[in-house]
2 protein chains.
Amino acid sequence: MAYDAHPPAETSMAKLVLRLGVKLRFAKDQEIFAQSDAADLLYLVVSGAVRTMRLFGDGRRQIAAFYFPGELIGPEAGAVHRFAAEALDETVVVAVRLSTLDAVAGGPELERAIWQATRRELERVQEHLLVLGRKSAAERVASFLLTLARRTPGLHVSVPMSRQDIADYLGLTIETVSRGISEFKRRQYISATSTHQFRLTGLSALQTLASGEAAA
Amino acid sequence: MAYDAHPPAETSMAKLVLRLGVKLRFAKDQEIFAQSDAADLLYLVVSGAVRTMRLFGDGRRQIAAFYFPGELIGPEAGAVHRFAAEALDETVVVAVRLSTLDAVAGGPELERAIWQATRRELERVQEHLLVLGRKSAAERVASFLLTLARRTPGLHVSVPMSRQDIADYLGLTIETVSRGISEFKRRQYISATSTHQFRLTGLSALQTLASGEAAA
DNA sequence: CGCTGGATTGAGTCCGGTCAAGCCTTGTGG
DNA sequence: CCACAAGGCTTGACCGGACTCAATCCAGCG
């Protein structure tokens, strides 16, 4: 899941998208695509970050995933998007029509790359499912921080999303997320340089928590 | 998600698996494959039913999915299974080595079929995610019954799994599942002919509940 | 330097979990 | 064919963790 773990096929697809695609810029909270929009574009995040989400009729919201620079959005969808995508922040993406990609570089190579992207997406969602199904609030927050940490080297974690975004990703409320983070600070599992920048000072304690074992 | 909605590519793959595969019989609760087993086989459920699940260190269990006759298990996995699979009941599956499938009918047709199966799997997991992230106990149970109902025609729903299985699928306890079902009976949303056979007598009420809107 | 909106903290409530009885179905053996 | 045992399911009483409501804090920004 770290950048350097991307299989070759997808890395080369990313390069292809960069070459063929159109660069688009989105402001914070701006919609990149809506639920039930046609899903004929593939997106590569260049800078910033993206959330995909579904909104329920009564205002409840579930965030399905976050996407960071270097990651692809889109191939998981069928003809129509099943989730909406929004920029977390000032964000640049490169978009390319799937048919264009196919015309220029179609064939088994492309199919395999798209399948790999879909497969990785599936694995992520399955891990997310475990967190939502069987973990306590503290375990969820710990899992979340560790997942973010895995995407950047070192113990420094950048958390570009709001507490509300985290809550809607983890199936919690902002208050519960905030309490979790405060508790981790108190126990010195983490230290904060700002509300969105942490340092994981008790990595193993967090890992124990996230894995769902009882901690001392 | 109903049988007749299966895209052609996957239906033809199912036929291929049936022709090339080996028929295996499993007793109730018997393991079909373990987590971290090599994932080089594709399974087609012929009769019975299968659950895939992950077990945590402290005994907590999350069921990822249920599979019924006509459905494929396996293509979602990488080199190694990330979940274990067990028979819900006396179950027959046909298993075929992916390399065999590839040798006999390799090529873009097969790749596309596997990708489609992966994609449908992803969609299912994403819907499951919404249920776990943002729904109340009653909403979860309603969603579950409706998902099962969608797989067979008519209002009759067969629920072959135990209450414990349902609980571990929905992120609840058996008691809460049982209370939910009892409440639905009381309100006459469902009627039961046995503990594992229901009739959806209040379909629209269940749908309203499951969709997450406030009900009267 | 004050304003604004996100984040934190506190108090109280409630939904779902826990613990504990019973019930009912299924299967088995007399 | 019935008696009984075993295990899954249901129901009840109580508890606790996460939610709700509300007040404050604080960082970023004009």
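For the stretch A:60-176, what mean projected area does the convex hull of the alpha carbons give, in nm²?
Dividing the Cα hull surface by four gives the mean projection, 8.8 nm².
Let me know the charge dipole size of the protein assembly as shown about its Cα centre in debye, to the nearest 20, where only the beta-carbon of Lys, Arg (+1) and Asp, Glu (-1) is charged.
800
Need the C-alpha centroid separation for the stretch B:78-97 versus the stretch B:140-169, integer Å.
Going from one Cα centre to the other spans 20 Å.
List the relative contact order of the stretch A:72-192 as a percent without decimals, with contacts defined as Cα pairs under 8 Å and 6+ residues apart.
In percent, rounded to a whole number, it is 21.
Expressed as a fraction of 2.2 N^0.38 Å, the rule-of-thumb size for a compact globular protein of N residues, what is the C-alpha radius of gyration of the stretch B:110-165? Let's see the in-between values first.
Values: Rg = 13.8 Å, N = 56, 2.2 N^0.38 = 10.2 Å.
Working it through for the stretch B:110-165, the quotient is 1.36.
How far is A:A192 from itself in the other copies, in nm, if each label sits 7 Å out from Cα along the Cα-Cβ line, shortest first?
From this label point to the equivalent ones elsewhere in the assembly: 4.7 nm.
From Cα coordinates alone, what are the radius of gyration and Dmax values for the stretch A:135-210 in angstrom?
Both quantities, over Cα of the stretch A:135-210: 11.0, 29 Å.
In a solvent-free Debye calculation with one equal scatterer on each Cα, what is log10 I(q)/I(0) for the stretch B:8-131 at q = 0.15, 0.20 Å⁻¹, listed in the order of the q values?
-0.67, -1.20
Using the beta-carbon distance between A:H196 and B:S136 and R0 = 45 Å, what value does 1/(1 + (r/R0)^6) give for FRET efficiency, to the nearest 0.05?
0.90
Which residue, A:L200, A:L44, A:L98, has the largest displacement toward the positive end of the dipole of chain A when charges sit on each Cβ (Lys, Arg +1; Asp, Glu -1)?
A:L200
How large is Rg/Rh for the protein assembly as shown, to two decimals, with Cα atoms and a Kirkwood Rh?
On the way: Rg = 22.0 Å, Rh = 23.0 Å.
Rg divided by Rh gives 0.96.
How big is the dipole moment of chain A about its Cα centre under a simple scheme where the beta carbon of each Lys and Arg is +1, that of each Asp and Glu is -1, and everything else is neutral? Debye, nearest 20, please.
So the magnitude is around 560 debye.
How many nanometers, to one decimal and shortest first, lie between the label point of A:E90 and those of its other copies, if labels sit 7 Å from Cα toward Cβ?
Ordered by increasing distance: 6.8 nm.
If you take each beta carbon of peptide B:164-171 and count the beta carbons of other chains within 10 angstrom, what is the mean?
Per-residue shielding by partner chains comes out at 1.
I'd like the mean, over residues of B:114-126, of how many other protein chain beta carbons sit within 10 Å of each residue's own Cβ.
The shielding value for this peptide is 6.
So if I place +1 on the C-beta of Lys and Arg and -1 on the C-beta of Asp and Glu, and nothing else carries charge, what would the dipole magnitude of the stretch B:31-143 be about its Cα centre? I want it in debye, nearest 20.
Dipole size: approximately 480 debye.
Which whole number gives the average count of other chain Cβ atoms within 10 Å of the Cβ atoms across peptide A:130-143? Intermediate results must be reported in sequence, preceding the final value.
Details: counts 9, 4, 9, 16, 10, 4, 0, 0, 0, 0, 0, 0, 0, 0.
Average per residue, whole number: 4.
When each copy gets a label point 7 Å from Cα toward the beta-carbon at B:G106, what are the spacings between them in nm, shortest first?
Copy-to-copy label distances at B:G106, shortest first: 2.3 nm.
Checking the table A:K23/A:K135; A:K28/B:K135; A:K135/B:K28; B:K15/B:K185; A:K135/A:K185 against a 31 Å threshold on Cα-Cα, which pairs fail? Could the numbers behind the result be given before it?
Details: A:K23/A:K135 39 Å; A:K28/B:K135 28 Å; A:K135/B:K28 28 Å; B:K15/B:K185 40 Å; A:K135/A:K185 20 Å.
Result: A:K23/A:K135; B:K15/B:K185 exceed 31 Å.
If you take the charge dipole of the protein assembly as shown about its Cα centre, with +1 on Lys and Arg Cβ and -1 on Asp and Glu Cβ, which of B:H81, A:P160, A:Y189 is farthest toward its positive end?
Farthest towards the positive pole: A:Y189.
Taking Cα pairs under 8 Å and at least six residues apart, what relative contact order does the stretch A:135-210 come out at, in percent?
38
Based on the Kirkwood radius over alpha-carbon pairs, what is the Stokes-Einstein translational diffusion coefficient of chain A at 37 °C with 0.692 mPa s viscosity, in µm²/s?
180
Every number in this text was worked out from the coordinates using simple rules, so none of it is lab data. Since this is a predicted model, take the numbers as computed values, not measurements. Here Cβ is always computed from backbone atoms with ideal geometry, including for glycine, and neighbour counts include all displayed protein chains.
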